[in-house]
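Participant: For reference, the structure I am asking about is given below.
The values are calculated or read from the model by the stated rules, or taken from the named source; none is laboratory data. Computed from a predicted model, the values in this text were never measured in an experiment. Cβ sites come from the backbone with ideal geometry, for glycine too, and all protein chains shown count toward neighbours.
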Amino acid sequence: MGVGIDVEHLNAWYGQTHTLQDINVKLPANHATALIGPSGCGKSTFVRCLNRMHETNPIARATGVVKMGGIDIYKDAEPVQIRRRVGMVFQRPNPFPTMSIYDNVASGLKLNGFRNKKVLDETVERSLKSAALWEEVKDDLKKKSGASLSGGQQQRMCIARALAVDPEVLLMDEPASALDPVSTSKIEDLIFQLKSQYTIVIVTHNMQQAARVAENTGFFLNGKMVEFDSTHKIFTNPKDKRTEDYITGRFG
Amino acid sequence: MNTSALHTPPPGRDDGPLHPGLNMNSRWIRINRARRYAANHLVTVLAIASTVVVILPLIAILAYLLFMGAHSLNLNFFTKIPAPVGEQGGGMANAIAGSGIVLAIASVLGIPIGIAAGVYLAEFGRGRMLAAAVRFTADVLNGVPSIVMGIAAYSLVVVKQGHFSALAGGVALAVMMVPTITRTTEEMLATVPNAIREAALGLGVPKWRTVLSVSLKTASPGIITGCMLAFARVAGETAPLLFTAFGNQFWSFKLNEPIAALPLQIYVYAISPYDEWHRLAWAGSLVLIVLIMVSVTLVRIYAARGMMKGAS
């Protein structure tokens, strides 16, 4: 089951650039939250702060409190532990090119030293089914390289890979932006199904996509979260003038 | 935008009336097409010629070695130790075995250190002073003449031990292998997309495991090639062995004693005044180059097979 995420006074820097400025928001459990805003506004950085991927860049740092299920991920846990509980799907599909489909999906468990073959088999099947890819690949799980699939299939495999470690939160950084419309709609259907079991945070440039999949939407601008509300309200009756300008296409 | 502007000929050329849309038969396009065909063929021919120029010396050397050495090759060459001057027969069996031993020592020492240093440069040392220093040192080391490496190994190992040894030869060759392997490993790791590292880190895989099972594994074909290049390069080295492995004329498998090596034996025989020894030196050169080619090819085939398991 998913957990809620409470963010308090989150600040992040890349070198001298203050990319996130005092973010305060509560993301409810088992809901999908969309993050919208123009390029470079900090939404990707925000998502990367939620699983401490931000700090893998040597010049990056972050301060503040991010609570997941009661624990502060910056104080009470190691990055590695957090990332096992918070899955991440990236903008471009990033399969491990040397691994088969099976090994790609099982990689989170295998690379962490898990070896029980029966459990691995079950996990791979369950994850691929959750990612709506099982039927398409079940006959060449170990025969084909993960990189030999189409772009849309690769991205669903990456989602299956993230689900295989049984996370509570799923972060998606523009998961469909490199895909064609058919693959995009498959990913959106998937998000719709997955949000009953996981807390999903999705960054998107596509406002229709935000409207389709997310209950809540946050609007970022210049490193600040300008507005956070139910998706319906953001798109029909935004409080802030800047939000309205952005969603009506007046800038950005 | 005025579409006809796209098809306006350069000033000074008259193509007659301009048509909207692309007229493939306009004079300007016809001239251009002929020029592009000519350029295309010219560059293709140049590329093929360059390839031939690159491959030709290898073929020429191999052919000449076959011509000069093949007729002196027989079973004795591979099974007998050198015979005294004036006696017929005799071979280089001890030198072949000695080369194998010295190269094994060099690989066991040089490959792990070289790869580890390359991993440090690519995965852990980005933007650090120490990494810049290591990189610079590796580049300088790469350009150091092999005889100097031999002197270094002489003063570090031979003088300390008090005698020549297979070990000293192995150390000298290992030091020569390290910079090549370090730089190739670094370059190959740099070609691994960061997205793949992030994929592993994002799954909660620790950094060391990511480097080992994802970065290194993805880059392994290139790294193996680099190791093989370094191996092939030192396999033919004579100078560093002159005052380390030293050479001998009899069977020896002790790492702590002087040992024969193929390049050394070729060197000694080639500068001798005896025709019989000259013939054996030619045969030895042929065997050396064939052994290097065979071992490099075998490793690459084996490595390629290992790769097939995961990839398609």
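Participant: Residue check: is A:VAL105 modelled with pLDDT of 90 or more, in a helix (DSSP H, G or I) and β-branched (Val, Ile, Thr)?
Facilitator: The answer is yes for A:VAL105.
Participant: Name the single residue, out of those in region A:155-188 being among the acidic types (Asp, Glu) and assigned to a loop (DSSP other than H, G, I, E, B), that is modelled with the lowest pLDDT. Show your work before the answer.
Facilitator: Filtering region A:155-188 down to residues among the acidic types (Asp, Glu) leaves A:166, A:168, A:173-174, A:180, A:188.
Those still in the list that are assigned to a loop (DSSP other than H, G, I, E, B) too: A:166, A:168, A:174, A:180.
On the way: A:ASP166: 89, A:GLU168: 91, A:GLU174: 90, A:ASP180: 85.
Applying the filter and picking the extreme gives A:ASP180.
Participant: Can you tell me how many residues within region A:213-237 are over 13 Å from A:GLY37 (Cβ atoms) and either surrounded by 18 or more Cβ atoms within 10 Å (Cβ to Cβ) or of a type outside the set (D, E, K, R) (or both)? Spell out how you get there, then give the answer.
Facilitator: Step one: filter region A:213-237 for residues over 13 Å from A:GLY37 (Cβ atoms), giving A:213-216, A:229-233, A:235-237.
Filter again for either surrounded by 18 or more Cβ atoms within 10 Å (Cβ to Cβ) or of a type outside the set (D, E, K, R) (or both), leaving A:213-214, A:216, A:230-232, A:235-237.
Total meeting the criteria: 9.
Participant: Name the residues in region A:55-65 that are in a helix (DSSP H, G or I) and in contact with an Asp or Glu (Cβ under 8 Å, 6 or more places away or on another chain), would you?
Facilitator: Filtering region A:55-65 down to residues in a helix (DSSP H, G or I) leaves A:55-56.
Within region A:55-65, A:THR56 is the sole residue that qualifies.
Participant: Another question about this same structure. Determine which single condition A:GLY40 fails, assuming it passes every other condition in (1) part of a strand (DSSP E or B); (2) on the phi > 0 side of the Ramachandran plot.
Facilitator: It is condition (1) that A:GLY40 fails.
Participant: If you check every pair at least six apart or on different chains, which have Cβ atoms under 6 Å apart with a residue in region B:216-241 that is within 14 Å of chain A (Cβ to nearest Cβ) first and a residue that is part of a helix (DSSP H, G or I) and not basic (Lys, Arg) second?
Facilitator: Filtered contacts from region B:216-241: B:ALA219/B:MET188; B:ALA219/B:LEU189; B:GLY222/B:MET188; B:ILE223/B:THR185; B:ILE223/B:MET188; B:ILE224/B:ALA303.
Participant: Those residues that are more than 8 Å from chain B (Cβ to nearest Cβ) and either surrounded by 22 or more Cβ atoms within 10 Å (Cβ to Cβ) or touching a Leu at 6+ places or on another chain (Cβ under 9 Å) (or both), I need them from region A:96-115; list them, please.
Facilitator: A:ILE101, A:TYR102, A:ASN104, A:VAL105, A:ALA106, A:LEU109, A:LYS110, A:PHE114, A:ARG115
Participant: Out of curiosity, is A:GLY152 at pLDDT below 95, facing chain B (nearest Cβ under 9 Å) and not in a strand (DSSP E or B)? Full working, then the answer.
Facilitator: On the way: at pLDDT below 95: yes; facing chain B (nearest Cβ under 9 Å): no; not in a strand (DSSP E or B): yes.
So A:GLY152 fails the test.
Participant: Tell me the helices (runs of 4 or more DSSP H) entirely within region B:150-249 that contain at least 1 residues that are farther than 30 Å from B:LEU298 by Cα.
Facilitator: B:194-202, B:207-210
Participant: With the structure loaded, tell me whether A:ARG52 is touching an Asp or Glu at 6+ places or on another chain (Cβ under 8 Å), within 22 Å of B:GLU198 (Cβ to Cβ) and not in a helix (DSSP H, G or I) or whether it fails that test.
Facilitator: Answer is no for this residue.
Participant: Exactly one of (1) among the charged types (D, E, K, R); (2) free of Cβ contacts under 8 Å to residues at least 40 places away in the same chain; (3) under 25 Å from B:GLU123 (Cα atoms) is unmet by A:LYS117. Its number?
Facilitator: Only one criterion is unmet by A:LYS117, namely (3).
Participant: Tell me, yes or no, whether region B:144-160 has at least one residue that is without any contact (Cβ under 8 Å) to a residue 12 or more places away in the chain and under 23 Å from the mean Cα position of the chain (by Cα).
Facilitator: Checked against the condition, which is being without any contact (Cβ under 8 Å) to a residue 12 or more places away in the chain and under 23 Å from the mean Cα position of the chain (by Cα), region B:144-160 yields at least one hit.
Participant: Pick out the one residue from A:VAL80, A:VAL119 that is farther than 22 Å from A:ILE191 by Cα, within 14 Å of chain B (Cβ to nearest Cβ) and of a type in the set (Val, Ile, Thr).
Facilitator: Values: A:VAL119 fails: within 14 Å of chain B (Cβ to nearest Cβ).
None of the others qualify; the one that does is A:VAL80.
Participant: Hey, another quick one. Given the conditions (1) away from chain A (no Cβ under 14 Å); (2) more than 18 Å from the chain's Cα centre (by Cα), report the number of the one that B:PRO179 does not fulfil.
Facilitator: Here B:PRO179 clears every test but (2).
Participant: Out of everything in region B:188-215 that is small (Gly, Ala, Ser) and more than 9 Å from chain A (Cβ to nearest Cβ), what residue ends up being surrounded by the most Cβ atoms within 10 Å (Cβ to Cβ)?
Facilitator: B:SER215
Participant: A follow-up question, please. Please enumerate the residues belonging to region A:83-94 that are facing chain B (nearest Cβ under 8 Å) and in a loop (DSSP other than H, G, I, E, B).
Facilitator: Passing the criteria: A:PHE90, A:ARG92, A:ASN94.
Participant: Restricted to region B:109-129, and to residues that are free of Cβ contacts under 8 Å to residues at least 40 places away in the same chain and away from chain A (no Cβ under 14 Å), which residue is surrounded by the most Cβ atoms within 10 Å (Cβ to Cβ)?
Facilitator: So, considering only residues that are free of Cβ contacts under 8 Å to residues at least 40 places away in the same chain and away from chain A (no Cβ under 14 Å), the one surrounded by the most Cβ atoms within 10 Å (Cβ to Cβ) is B:TYR120.
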